[in-house]
1. Within the range A:189-230, track down each residue that is surrounded by 14 or more Cβ atoms within 10 Å (Cβ to Cβ) and not in a helix (DSSP H, G or I).
2. Considering each residue of the range A:40-61, count those that are more than 7 Å from every other protein chain (Cβ to nearest Cβ), outside any loop (DSSP other than H, G, I, E, B) and touching a residue at least 12 places away in the same chain (Cβ under 8 Å), and give that number.
3. Return the total of residues in the range B:112-140 being within 7 Å of another protein chain (Cβ to nearest Cβ), in contact (Cβ under 8 Å) with a residue 24 or more places away in the chain and not in a helix (DSSP H, G or I).
4. Every residue in the range B:181-221 that is closer than 20 Å to residue B:278 by Cα, part of a loop (DSSP other than H, G, I, E, B) and at pLDDT below 90, please.
5. As an exercise: evaluate residue A:95 against (1) within 13 Å of chain B (Cβ to nearest Cβ); (2) modelled with pLDDT of 90 or more; (3) over 28 Å from residue B:205 (Cα atoms) and give the number of the one condition it does not meet.
6. For the range A:1-39, which positions are outside any helix (DSSP H, G or I) and at pLDDT below 80?
7. Going by the conditions given, is residue B:48 facing another protein chain (nearest Cβ under 10 Å), in contact (Cβ under 8 Å) with a residue 60 or more places away in the chain, more than 23 Å from residue B:146 (Cα to Cα) and surrounded by 16 or more Cβ atoms within 10 Å (Cβ to Cβ)?
8. Looking at the range B:59-66, is at least one residue over 30 Å from residue A:13 (Cβ atoms), without any contact (Cβ under 8 Å) to a residue 12 or more places away in the chain and touching a helix residue (DSSP H, G or I) at 6+ places or on another chain (Cβ under 6 Å)?
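The values are calculated or read from the model by the stated rules, or taken from the named source; none is laboratory data. Please read all numbers here as calculations on a predicted model, not as lab measurements. So basically every Cβ, Gly included, is an ideal-geometry build from the backbone, and we count neighbours across all protein chains shown.
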């Protein structure tokens, strides 16, 4: 029985391969790419459990079990980076997440189509600028001696503030400039949701004498609530992912205590410090948490919206 | 009856307040760009002493002359063009045919391939294993490594595949009647019909290539190979105005601040040129990609 099924499988497989060889030819480079560049590194993840030496290679390095994880959890710097990641994400959730929603609601209330298009064109722009430029602008603006911000503070008799070297300023600067860069562009998703709201709702509300303020609160906002919830779930799913490429540009040793996140910790211990095995263990720890969060987020959104994210 | 007659005084105040607050946000988005532009064409002395607030002071192109005479600026600019166009071409060459094949329902193993690609959205090996893999492949310090190593991502594949799946069956059947092969079908029917999706993905690739710095910084060693963003990072972030190099720049005509401003402007200009297209297609792409699977 088993053999019959297997031989049937092999025969139809042969037929399908012969019939669709062109399609397999088309898909092959892409599948090979995913195997070589994304799946092969997963094989390299085993060095999180090995005493890895770059000369011995991945296979020949001896197993050490959970030693690297024990070392990590005893490492104050790693623990600090983990809590910094969560804290920065959470602050982003509180301060940055609502901004694109508010922006979309505000755009929707602008009646002059030309003004609205111009305003949108301008606030989307920073999304297309590299983080290096954004960091350059931030460093330039916040320079204690020549920066425009401290110059302006000087007009009010305030002494220069060393924004980039004082730990308590790192998070406000990071989140503030992230809002500047991304909030405008993120409003697109909400604007699309608003565009889907039925105009009849507004017409009947107007007949009932509702003010514009009331319509925003009672019609627009409730109608886009499903979108807001989905975006919130995605955001929570990405709780352990922060914009480390940007953090690397902005932080410095004097602000590590509030700025160092898991990814920057991995970068310093692994790529700059060549402790590959320890850094891989930290990465694996982060990736597993991320996977669980994203998976849970997806399950929840499937329940909430009946459409899954993936 | 015009709509404005329907509004009460409260509604009008609401409208003005909204326009005012939104205007403030728009201006604060715009201000850094204007400031950087003004600083780049002002004299070094005016910028360092805080006299440049909005408009240029002591108009001069000295900073640009200094930047444009720097050999590394041109090398890195050229490299960025190579990575942007080479990388985008490579991405399309691999992902367009691949996504097309995956959109064909009769392809055996389709579910498995789809799952394999979607899984990378959920889980990836991370920075160090990726780096070691590039090293094992001999792709450290290699232009080709930068171009091939970041050619695909699951999001773009899914976006393209969904678009191909939405192409009406009637087009395909008509072409099949004429005896078209799968390759001809892709080339003559699907690619022309899916131009918006392909342009969207191309623009995603162009923008991320132009702006990417992290992996170029990590993987490339040779000065001759670094892209503009890495060069920018070295000047803007790694140096600061107290450095020796920076103070050597200090003259009355240009300063560290005006030089960095000029480099930033030079790097933003190409972005501004493709921005009108990018804006249009990106908003569509975001919404297309939002509905996955």
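1. Within the range A:189-230, A:197, A:210, A:211 meet the criteria.
2. Pass one, the range A:40-61, residues more than 7 Å from every other protein chain (Cβ to nearest Cβ): A:43, A:46-61.
Still in the running and outside any loop (DSSP other than H, G, I, E, B): A:43, A:46-50, A:57-60.
When the remaining residues are screened for being touching a residue at least 12 places away in the same chain (Cβ under 8 Å), the result is A:43, A:46-50, A:58.
Residues meeting the conditions: 7.
3. So the count comes out to 0.
4. Of everything in the range B:181-221, just one residue is closer than 20 Å to residue B:278 by Cα, part of a loop (DSSP other than H, G, I, E, B) and at pLDDT below 90, namely B:194.
5. (1)
6. Within the range A:1-39, A:1 is the sole residue that qualifies.
7. Details: facing another protein chain (nearest Cβ under 10 Å): yes; in contact (Cβ under 8 Å) with a residue 60 or more places away in the chain: yes; more than 23 Å from residue B:146 (Cα to Cα): yes; surrounded by 16 or more Cβ atoms within 10 Å (Cβ to Cβ): yes.
When the stated conditions are applied, residue B:48 passes them.
8. No, the range B:59-66 contains no residue that is over 30 Å from residue A:13 (Cβ atoms), without any contact (Cβ under 8 Å) to a residue 12 or more places away in the chain and touching a helix residue (DSSP H, G or I) at 6+ places or on another chain (Cβ under 6 Å).
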